[in-house]
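What follows draws every value from the coordinates through simple rules; no lab data is involved. Every value quoted in this text rests on a predicted model; they were computed, and no experiment measured them. Note that each Cβ is placed from the backbone with ideal geometry, even for glycine, and that neighbours are counted across all protein chains shown.
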Protein chains: 2
Amino acid sequence: MSAKDSSDKSAIEQDAQADRTTSSHRTHFPEPSVALLQKALDGQWPEAREEVRNKITEDMLPALDIDRTAYRDKVLRDLNTLAEGGFAKAAFKEEDSGTGETGKALTAFEMLGMVDLSTMVKSGVQWGLWGGAVSNLGGKEIRQKYLPGTIDLSIVGCFAMTEIGGGSDVQNLTTEATFDPETQEFIINSPTPAAQKAYIGGAGRDAQYAAVFAQLITKGPDDAEAESNGVHCFVVQIRDDEGNDLPGVTTGDHGPKGGLPGVDNGTIIFDHVRIPKSNLLNRFGDVEADGTYTSPIESSGKRFFTTLGALIRGRVSVGAASGAAARLALSIGTQYALRRRQFEHPSTSDAVLLLDYREHQRRLMPRIAQAYAYGIAQNAIISELHAFEANPDSYDELERRQLETHAAGIKATVSGWANDTVNEMRLACGGAGYMAENRLTGIRADLDVFSTFEGDNVVLTQLVAKEQLTAYANEFSDMDPVHLVGTVVGTVGDMVQERVRATTLWQKIVDSVTDRENTDLLERGHQLRLLTDREEHLVETAAQRMRRADSNDKISAFDTFNGAQDHILAVGRAHMDLYVFDRFIEVIDKIQEEDPATAEVLDALLDLYFLDIVDKNKGWFLEHNRLTTERTKAATAAYNRLCRSLSYYAADLIEAFGIPDLLTDVPMLREAGVDPEDGEQPAGFKA
Amino acid sequence: MSAKDSSDKSAIEQDAQADRTTSSHRTHFPEPSVALLQKALDGQWPEAREEVRNKITEDMLPALDIDRTAYRDKVLRDLNTLAEGGFAKAAFKEEDSGTGETGKALTAFEMLGMVDLSTMVKSGVQWGLWGGAVSNLGGKEIRQKYLPGTIDLSIVGCFAMTEIGGGSDVQNLTTEATFDPETQEFIINSPTPAAQKAYIGGAGRDAQYAAVFAQLITKGPDDAEAESNGVHCFVVQIRDDEGNDLPGVTTGDHGPKGGLPGVDNGTIIFDHVRIPKSNLLNRFGDVEADGTYTSPIESSGKRFFTTLGALIRGRVSVGAASGAAARLALSIGTQYALRRRQFEHPSTSDAVLLLDYREHQRRLMPRIAQAYAYGIAQNAIISELHAFEANPDSYDELERRQLETHAAGIKATVSGWANDTVNEMRLACGGAGYMAENRLTGIRADLDVFSTFEGDNVVLTQLVAKEQLTAYANEFSDMDPVHLVGTVVGTVGDMVQERVRATTLWQKIVDSVTDRENTDLLERGHQLRLLTDREEHLVETAAQRMRRADSNDKISAFDTFNGAQDHILAVGRAHMDLYVFDRFIEVIDKIQEEDPATAEVLDALLDLYFLDIVDKNKGWFLEHNRLTTERTKAATAAYNRLCRSLSYYAADLIEAFGIPDLLTDVPMLREAGVDPEDGEQPAGFKA
């Protein structure tokens, strides 16, 4: 480029942008097809995405300047609009007035993550959590009673699981549901302030019903000592038609939060509230008229985790929506970087485009690669959950638990990544990024809690690790250090290899590696080996530490677990890194058949995803002699090169996110900050 | 501990907490003195901290549930209260109706960061930026005209530097101030939309005056072509007494932002606004009646950076206040971790205290160590700026630029760290952390932009690096890649060594290392050597890359700089890591004389600060053969051990932050989440 007269700056702008998208810079890869890139990201239900895209109207976007009450009204209105359009039907079985399309439903929920996260969460509470609890835990009668109204929003429910005392430790929650054989009722009671249901979406204002999780207490026919049969779920009406608390129910409103202004989170305390016996959602446990407890699942622990397992849609949705919100932020941040200039360029009268700075490429491009990787892995989970729900009997116990583990792992991985990504986009857009009208701060504020609800990310990552360490040998549980130490199996390491060798594709790739010592880090088979080997080694060495402890000495067992907690969390992360990598390979393999050029760009994204893992774990790979220092230095150089070459495809890569223009149409992408001569004035400017 | 009856849980709670603070666990270090720990953190003006602590009233805390207009009113009210109490006097010279106590003023501003960041920023704009511009750039007459009213808040000003087009590139801003010899006036004008002043605190509503930065354009006496003499600052009245825009001035209100609801950020456009010649702040440049430009500083670049240098208080304040806000969040998060329990403990009826989990120790303790390290380094900057302003002539050019460099580096380091820390505290407090009443989300939202304003953190880190690479050899500048490439000096590496060897203390420590190969990572001298060596190596190799480029080929020079940008930023970070480390050593050395026991705990905090640097840069140390894999593995083990042993002193360590109870008195530290039997109900609960 030569120096140009400033009078035709607008033309230069166009030239410069054209350069990045069509000209000679783009020689790193063959031209990809945006449609095929989008296909790679859209997953199994592209029509569900398209349907939501077409439904979005401007008034569904986040409102900037209204108070909490008005925001709650706005979100409730949008839920009604969605309900009228039949949005929720796919999430329910045909026998429950739905259409039974789990995958489609989850994909549509995910798309709401781009529109307004308050609306997404409120929908998730109504149709995913409350509706899901009734649908997945209830018998036919109660489903028919509540689900049609739930679907059309004439019944508004909430999901009263979390207690202020117990928090993540759901298995030990303390709300009581004591069966009274005299009246054939359950008495729902909060025995202490710690039993108070807290942070419950919908409990603050709108919910009339609650799916209440409580210890089911029976005395038994021989008037034996009352005992808990574990946590069960009960339908409890909490408000009357006028919205007043029913007798014995006290709700509270949490008021302002860090974000999600349209969601009315609140508290509930029960003071001996009586409900009919039939309000127990009795799929996994019931009480006979005389008070005898019965269940198809003998072990109380297994029953609890089977109950939770029936509710994993919530986790899947939270991961998916956080990914969608992060892609929205990435699209906004990348569009800004493709238009905004800062500091003089030595050879043109224009300043340097943000995306031409190496540091900016390093901020954006690995995150775009991760957006593809995590989006693809999230789609895989949705597809698997859909297949499972369509035909649960074809899944054995191990397969079911693997699905639940990966749903937990993806939720933690994607929501954590999403928060980091949105934050980085805010920073990368400078002062403009801090203005609410440019959306990034609102997304950040709303998304924050996605790392906490539906399972704290640390707890979930630990859960993933535990399943690897025990090779799914003992009961699925959120966290039980002593049990973990006692049941670490002897041959865990082999499992990773076995899994990797299970499919022909993996076998093909692994076999392609002939000379392990001298293999390039950009060779797929070598990457797969490194990630597999890392997980194996972490699992094996963590297992050794556990085995050394005496599991009969509970304190020693706890101390051993606790002393290795950082190691255990590393196992969970390594497992998910490999899981995501594997799903990405599978999608590229399919695209490869359709269009090698697009597959090549996806290959480069997967390389960057891999190199970012190497970069973040460089110390580990060196400490464990998995990579030489020459190799890690080469990896850094390759990382920078890929950031640069992929940056020339940035516009295509974000276009393939399939985000409607309406959602990224923010002032900073139009005004004088990116269009110095003719940019429009920002909102609030009086001229 | 044995299993205990749940009826005396409250006693157990007390026991458990007593265990952590006074019992046998605390054998890792001798008992520290909280007063001396606080002394280490309070810096040179403890009385300024105490004064603010005593002034804080409950109504000065962030308001949770009021709209933007009411919040702005609240902040303005608090500023008036502060002004009435003479808060701002210390920031101004005696001849300007102040008391001339820079250090005291900056320390007091810092403390506002714990109270309400909106109030801190609004105060900073009024007394630091607007007042500072008039005070540091203006002549006697204009200072006497505006400063008394500025101090007592009868005059409200703003600081109109940033433009929407130029952003960080202040040197090339495009607002024009053209001198008209006919009328002896300057004509202030925004030639394009890009020249619009943007994000200006105070411009949205309250400011009546603006310190406007503009290119000073003169034609000269011989009616030569108009030319710019560089950026200068002018006092421009923008609103009349009723708050209406004056003729030619158009202000805009940015409305809602990601945080800082009490600060009225806005835009200003000037349409040929005429101001008297005397409104030029003429310390570094003036215009004679005939239009001849004069300046005591010949080089336009040097003049610009001297002007900016006179304004570094803003940067110092932003770093300091962000550190204060992070300490507040750390205190809240740590208090929660010392009370909140999650999941059963194998040997007691109580659940496990959050702070007893290794992962939680790893989240909190290194950040507490950094709070000490950064707090101490921030104090050092304040002391140095105070000394400089008291006696500027005793500073040579190099010393002055080092001060400016470190002010920039500390701002980037501390504000970036503060955002990460507040975010981690939010996550570490789970659902409770997301409730606005518990303060963390509000601090996070307000603090976010501290990484952007007063210098984007990436730009500032680069500036620090540049000064190391050129050994302060060429003009101070924000960023000029080509100039940088052209002036990298030959012997930069030696500078770091020279600096380290400059003081007796350092010499003593370095000399204490006798056997470099076999030195423990917890030996201070070895730590100092490693950090010094890292900076040296990074500087030397970056300089080599720069030298390879042909500085006469501007495009090649830019490409070389840009291709090494990640390396250059690493230089800046390494320099600041060492700078902070050095300041910490100095403080420990002083405390050592008073109380070796307290010094030992501070030593452990410095070790943890150091080990965290090793942990984050493990790949680098291994790649460059600075540490063996055995050594880095040992470092990880030592890191975990220190997190654990220091966790038993956590209550003392945060008490020494010296934060009034009023500021950390949030519901989640009182309610049932931490006190299951007797905890108070959260706000909004009706029972």
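A few comments on the model shown:
- Bridgeable lysines around B:K590 (alpha carbons under 16 Å apart, same-chain partners fewer than 8 residues away excluded): B:K39, B:K508.
- Ascending list, in nanometres, of distances separating the A:S349 label from those of the other copies (7 Å, Cα toward Cβ): 8.2
- Average beta carbon contacts from partner chains per residue of B:424-434, 10 Å cutoff: 6
- Given +1 at the Cβ of Lys and Arg, -1 at the Cβ of Asp and Glu and no other charges, the dipole of the protein assembly as shown around its Cα centre is 1260 debye to the nearest 20.
- Calculated over chain B, the projected area of the Cα convex hull averaged across directions stands at 32.3 nm².
- Unsatisfied cross-links (Cα-Cα over 28 Å) in the set A:K122/A:K197; B:K466/B:K618; A:K89/A:K257; A:K104/A:K302: A:K89/A:K257; A:K104/A:K302
- Estimated FRET transfer efficiency when R0 is 35 angstrom, pair A:A390-A:Q592 (beta carbons, to 0.05): 0.80
- Chain A: relative contact order as a whole-number percent, Cα under 8 Å and 6+ apart: 16 percent
- Nearest-ten-degree value, helix B:300-309 long axis tilted from longest Cα axis of chain B: 40 degrees
- Largest first, the three principal axis extents of the alpha carbons in the protein assembly as shown are 109, 71, 71 Å in whole numbers.
- About the centre of its Cα atoms, the stretch A:39-311 shows a dipole size close to 700 debye [charges on the beta carbon of Lys, Arg (+1) and Asp, Glu (-1) only; nearest 20 debye].
- Zero-based 5 Å bins, Cα pair distances in the stretch B:157-309, whole percents: 2, 10, 19, 22, 19, 14, 8, 4, 2, 0, 0
- In Hz, Karplus ³J(HN,Hα) per residue of the stretch A:331-337 (6.51, -1.76, 1.60; θ = phi - 60°; x = Gly, Pro): 5, 4, x, 6, 4, 5, 5
- For the stretch B:32-109, the spread of Cα positions along the three principal axes, ordered from largest to smallest, is 43, 41, 15 Å.
- Of all lysines in the structure, the ones whose alpha carbon falls short of 16 Å from that of A:K219, not counting any fewer than 8 places away in one chain, are A:K277.
- C-alpha long axis of helix B:358-390 to longest principal axis of chain B, angle in °: 40 degrees
- Sequence-ordered 3J(HN,Hα) estimates for the stretch A:71-84 from the Karplus curve with 6.51, -1.76 and 1.60 and θ = phi - 60° stand at 5, 4, 4, 4, 5, 5, 4, 5, 5, 5, 4, 4, 4, 4 Hz, glycine and proline given as x.
- Positive minus negative residues near B:I217 (Lys, Arg vs Asp, Glu; Cβ under 11 Å): -3
- Each label was represented as a point 7 Å from its Cα along the Cα-to-Cβ direction; for B:D65 and A:D550 these points are 5.6 nm apart.
- Shown in residue order for the stretch B:654-666 are the 3J(HN,Hα) couplings computed by the Karplus curve 6.51 cos²θ - 1.76 cosθ + 1.60 at θ = phi - 60°: 7, 4, 5, 5, x, 9, x, 3, 3, 7, 10, 7, 10 Hz (x for Gly and Pro).
- For B:P296, net neighbour charge (Lys/Arg +1, Asp/Glu -1) across residues whose Cβ lies under 11 Å away: +1
- In this assembly of identical copies, the label point of A:E586 (Cα plus 7 Å along Cα-to-Cβ) is separated from its counterparts by 5.9 nm, sorted shortest first.
- Between this copy and the others, label points of B:S394 are 8.4 nm apart in ascending order, each placed 7 angstrom from Cα in the Cβ direction.
- Extent along principal axes [Cα atoms of the stretch A:313-655; Å; largest to smallest]: 74, 48, 42
- For the peptides A:39-45, B:286-292, the ranking by packing is A:39-45, B:286-292, with the highest mean count of neighbouring Cβ atoms within 10 Å listed first.
- The charge dipole of chain A, taken about the Cα centre with unit charges on the Cβ atoms of Lys, Arg (+1) and Asp, Glu (-1), comes to about 1160 debye, rounded to the nearest 20.
- Dipole axis of the protein assembly as shown (+1 Lys, Arg; -1 Asp, Glu on Cβ), positive-most option in B:H567, A:Q237, B:V231: B:H567
- Cβ neighbours within 10 Å from other chains - mean over B:624-634: 2
- A straight line joining the Cα centroids of the stretch B:89-118 and the stretch B:313-354 runs 28 Å.
- Partner shielding of B:450-457 amounts to 3, given as the average count of beta-carbon atoms from other chains within 10 Å of each residue beta-carbon.
- Of the GluC sites (Glu not before Pro) in the stretch B:97-186, the ones in a loop by DSSP (not H, G, I, E or B) with at most 16 other beta carbons within 10 Å are B:E182.
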